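Derivation of every value follows stated rules applied to the coordinates shown; laboratory data play no part. Everything numeric here is computed off the predicted structure, so don't read it as measured data. Every residue, glycine among them, receives a Cβ derived from its backbone with ideal geometry; neighbour counts consider all protein chains shown.
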């Protein structure tokens with residue numbers, strides 16, 4: 001079951017659900033990508049369960065994508081309650097802000113290193129994009145950064161950038 005925040009439909013300023021048509025179009029596109037990916041992965045070969053071939057995981061991931069997209073299309077049937085422009089300023093602010101935060105994160109990785117840039121990513125994301133409470137921002141930033149460091153550095157042994165400043 002989805003958390004209430006994720007299960008809610010996209011709302012306009014008056015609390016009305018909007019953009020079902022765009023959701024259906026996006027889901028149809030992802031359905032097309034999933035079916036195409038599964039077809040291409042099938043041609044690569046599966047191998048066996050103990051010795052998977054190059055198409056084993058891409059096939060199943062593509063099939064899952066196609067299935068979830070199909071289910072999403074079914075949940076978005078029916079007319080929009082009110083037409084809305086896809087390119088309005090109110091709709092574009094969060095995705096553009098999120099892209100800018102991720103771009104700055106990628107730029108800062110070599111300069112200040114993984115640990116600092118990831119901590120700043122969490123801070124910026126939660127303050128600017130999500131507008132969370134201070135306690136939530138602090139806890140998620142610290143615990144998220146430490147968790148990612150442990151996963152990548154300790155468990156996966158991935159060499160992480162130290163940064164020019166440190």
### Query
Could you list, in sequence order, the residues of the stretch 65-118 that are within 20 Å of residue 147 (Cα to Cα) and without any contact (Cβ under 8 Å) to a residue 24 or more places away in the chain?
102, 105, 106, 108
### Task
For the stretch 23-62, enumerate the residues that are under 30 Å from residue 80 (Cα atoms) and over 20 Å from the mean Cα position of the chain (by Cα).
35, 36
### Query
Given 135, 143, 121, which one is in a helix (DSSP H, G or I) and either in contact (Cβ under 8 Å) with a residue 40 or more places away in the chain or within 16 Å of the chain's Cα centre (by Cα) (or both)?
121
### Task
Report, by residue number, each residue of the stretch 34-87 that is outside any helix (DSSP H, G or I) and under 15 Å from residue 21 (Cβ atoms).
76, 77, 78, 79, 80, 81, 82, 83, 84, 85, 86, 87
## Note on the structure
Exception for residue 65 within (1) over 27 Å from residue 85 (Cβ atoms); (2) exposed (fewer than 14 other Cβ atoms within 10 Å of the Cβ); (3) under 17 Å from the mean Cα position of the chain (by Cα) falls at (2)
